[in-house]
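One structure is given below, encoded as structure tokens.
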Amino acid sequence: MKTFIVGISGASGFIYGRRLVEEISKDNLVKLIVSSNAYLVMEKEEGIKKSDFIKSLNSNVEIFSEKDLAASVSSGSQVVKTEGVIVAPCSMATLSAIANGLSSNLIHRVCDVALKERKKLVLVVREMPYNLIHIENMRKVTMAGAVVMPASPGFYHKPKTVEDMVNFVVGKILDQFDIQHSLYKRWRESEDQ
């Protein structure tokens with residue numbers, strides 16, 4: 001079993017983080033950090049209470065408080081033993097903190113550690129349009145080694161539901177870590193067979 005660290009920040013799109021954790025934790029361990037603002041977004045967007053969400057997590061998920069800066073995952077000696085870190089969705093405030101080396105919560109700290117340890121860091125930004133500060137922060141984290149993935153679903157696989165569009169984005173995140181899945185039909189996939 002491999003280990004992944006997943007952060008869910010307070011941007012709109014909690015569904016991306018929730019679906020990602022469901023998929024990764026089927027066969028892997030997930031160290032999950034959910035911000036307090038993410039829980040607020042979850043209640044507004046999905047009507048799920050924090051306690052119900054936590055109960056829904058499978059046994060392969062260990063949850064951490066964003067306030068616990070002394071958590072095991074805050075250390076480089078622990079982060080290096082993982083496949084990497086994913087923040088989905090990644091708010092522009094979280095992006096800014098990461099781009100500027102500010103570690104005011106555990107999500108920020110884990111991302112900072114991933115960059116310093118040269119571990120894969122994927123940031124699924126969920127905002128539009130971008131202003132120049134957003135773009136500059138995306139440039140900075142990219143130059144530092146992160147992968148910026150806007151939550152932009154494709155349409156060549158002919159999505160019929162919101163779940164299809166979410167699965168496309170989650171599948172693209174999983175592709176970054178070579179995790180096998182069948183969440184969406186790849187471009188011209190049926191022609192290859």
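The values are calculated or read from the model by the stated rules, or taken from the named source; none is laboratory data. In this text the structure is predicted, and so the values were computed from the model without any measurement. No Cβ is skipped: glycine too gets one built from the backbone with ideal geometry, and neighbour counts run over all protein chains shown.
Could you tell me whether any residue of region 17-28 is farther than 18 Å from Val169 by Cβ, more than 11 Å from the chain's Cα centre (by Cα) and either of a type in the set (Lys, Arg) or buried (at least 19 other Cβ atoms within 10 Å of the Cβ) (or both)? For region 17-28, residues farther than 18 Å from Val169 by Cβ, more than 11 Å from the chain's Cα centre (by Cα) and either of a type in the set (Lys, Arg) or buried (at least 19 other Cβ atoms within 10 Å of the Cβ) (or both): absent. Of all positions in region 91-106, none carries a residue that is touching a Pro at 6+ places or on another chain (Cβ under 6 Å) and of a type in the set (Val, Ile, Thr). Does region 36-46 contain at least one residue that is in a helix (DSSP H, G or I) and without any contact (Cβ under 8 Å) to a residue 12 or more places away in the chain? Within region 36-46, one or more residues are in a helix (DSSP H, G or I) and without any contact (Cβ under 8 Å) to a residue 12 or more places away in the chain.
Yes or no: region 99-106 includes at least one residue that is at pLDDT 95 or above, assigned to a helix (DSSP H, G or I) and within 23 Å of Asn28 (Cβ to Cβ). There is at least one residue in region 99-106 that is at pLDDT 95 or above, assigned to a helix (DSSP H, G or I) and within 23 Å of Asn28 (Cβ to Cβ). Whenever a residue of region 144-173 is at positive phi, its partners that are surrounded by 15 or more Cβ atoms within 10 Å (Cβ to Cβ), lying with C-beta atoms within less than 7 angstrom and at least six residues away or across chains, give the pairs Gly145/Leu115; Gly145/Leu121.
Each row is one residue, and each column tells you yes or no for (1) crowded, with 18+ Cβ neighbours inside 10 Å; (2) out of contact with any helix residue (DSSP H, G or I) (no Cβ under 8 Å at 6 or more places or on another chain).
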position	(1), (2)
Leu57	no, no
Phe64	yes, no
Val73	yes, no
Val80	no, yes
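Only a single item in (1) without any contact (Cβ under 8 Å) to a residue 24 or more places away in the chain; (2) in a helix (DSSP H, G or I) is not met by Val113, and it is number (1). Contact map, region 79-96: residues that are within 11 Å of Cys111 (Cα to Cα) paired with residues that are surrounded by fewer than 21 Cβ atoms within 10 Å (Cβ to Cβ) and not hydrophobic (A, V, I, L, M, F, W, C), Cβ distance under 6 Å, separation 6+ or inter-chain. Pairs shown: Val79/Glu117; Val79/Lys119; Gly84/Lys119; Gly84/Lys120. Candidates in region 82-92 are the residues that are in contact with a Lys or Arg (Cβ under 6 Å, 6 or more places away or on another chain) and outside any loop (DSSP other than H, G, I, E, B); of these, the one that is surrounded by the fewest Cβ atoms within 10 Å (Cβ to Cβ) is Gly84. Could you check, for region 166-187, whether at least one of its residues is part of a loop (DSSP other than H, G, I, E, B), surrounded by 13 or more Cβ atoms within 10 Å (Cβ to Cβ) and of a type in the set (Lys, Arg)? Checked region 166-187: at least one residue is part of a loop (DSSP other than H, G, I, E, B), surrounded by 13 or more Cβ atoms within 10 Å (Cβ to Cβ) and of a type in the set (Lys, Arg).
Tell me, which residue of region 107-121 that is buried (at least 24 other Cβ atoms within 10 Å of the Cβ) and over 13 Å from the mean Cα position of the chain (by Cα) is farthest from Lys2 (Cα to Cα)?
Selected residue: Arg109.
Candidates Arg139, Arg126: the one that is of a type in the set (D, E, K, R), free of Cβ contacts under 8 Å to residues at least 12 places away in the same chain and at negative phi is Arg139.
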